[in-house]
Amino acid sequence: MDKRERARVFRARLDDRMRSNGMSRSALARACGVDRSTIAQLLSEDEVRLPNAHLAAECASALGVSADWLLALTERSETAADLLATSFRVAEAERTPADAQIDEWHREAAGYKIRHVPATLPDILKTDAVIDFEYAAFLEKTPEQAGLAVRDKAEWLRRPGSDYEICVSRELVESLARGEGYWRGLPEAARREQIETMAASCRDLYPSLRLYLYDTKVVFSAPVTVFGTLLAVVYVGRFYMVFRETRQIRALTDHFDQLIRDSETDARSTAAVIEKML
């Protein structure tokens, strides 16, 4: 940007923020530790020089904006701390599908594509027996309450305009079929029912639901959900890491899309692949 143009933008933004904050030249001068004439000179249309870094920072701090914005280096007026607070936060996670926070995010993203990598299997595709198995040790909500919440969420898949892409670890589904690892102790009948339910959902709900199986030896993924272009959430156990900045959401979307590209089967074939695991 031309120096004269940058100086003009600085004056305009300084004056605009002073007006919106109801701050006089004298008040700004006191906040910045300078004479009133210095502020008057900054606002003069005849002035083509920019303030030094210290004065620009003092003005920005007094007005609650970023110095970069005042100096026309960015279009975002928020301070770095405010940007971080709005673009990223940590939210406490309940160990249950009946999580009010998840419901809120789904409602916020109504009409957007939802991309999801679950920690185990997608809650919305779990049978009652698997929910009982996973949540039997959870004290705050009974498996029956968790099951009711999952059935409510499953209705999202059948709403008009629903658009879900889900990536599940192939090894996790294979271990379910064999009753190994995480699934050890789950009866064979329950495991069979879960696999049949997943396969039927993949077949009956396509294309609103598209489920892919990725190989964790090829690419790894933490549990993550991308709610359209609005936000992305990474699950780390007790907490959700919530991202709202566009580049962060884009990066996690690219990660999810890479999982799909690395999947051995397309969504049309997933039902048949899962059934063969029986």
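A short reminder: the numbers here are calculations on the coordinates, not readings from a lab. Computed from a predicted structure; not experimentally measured. Cβ coordinates were reconstructed from backbone atoms using ideal geometry, including for glycine residues, and neighbour counts include every protein chain displayed.
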- Once you have the Cα-Cα distance between Val219 and Arg250, take 0.36 nm times their residue separation minus that, and quote the gain in nm to one decimal. 9.3 nm
- Counting other Cβ atoms within 10 Å, which trypsin sites (Lys or Arg not before Pro) in segment 1-59 have at most 13 and lie in a DSSP loop? Arg49
- The size of the Cβ-based charge dipole (Lys, Arg +1; Asp, Glu -1) of segment 3-77 about the Cα centre, to the nearest 20 debye, is 40
- Message: If I model a spin label at Arg178 and Ala12 as a point 7 Å from the Cα along the Cα→Cβ vector, what separation in nanometres do I get?
- Response: 6.6
- Message: Taking 22 Å as R0, compute the FRET efficiency from the Cβ-Cβ separation of Arg25 and Ala53 and round it to 0.05.
- Response: 0.55
- Item | At R0 = 22 Å, FRET efficiency that the Cβ-Cβ distance of Arg268 and Lys113 yields, to 0.05 | 0.80
- Two decimals is fine: what is log10 I(q)/I(0) at q = 0.20, 0.22, 0.23 Å⁻¹ for segment 3-77, from a Debye sum with one equal scatterer on every Cα and no solvent? -0.77, -0.95, -1.05
- Message: Could you tell me the ratio Rg/Rh of segment 197-256? Both radii from Cα atoms, Rh via Kirkwood.
- Response: 1.03
- Given a cut-off of 12 Å, what percent of all Cα-Cα pairs of segment 34-76 lie beyond it? 63
- Item | Cleavage-rule hits (chymotrypsin sites (Phe, Trp or Tyr not before Pro)) in segment 191-278: DSSP loop, at most 11 neighbouring Cβ within 10 angstrom | Phe220
- Note on the structure: The distance between the Cα centres of segment 164-243 and segment 1-73, in whole Å, is 53
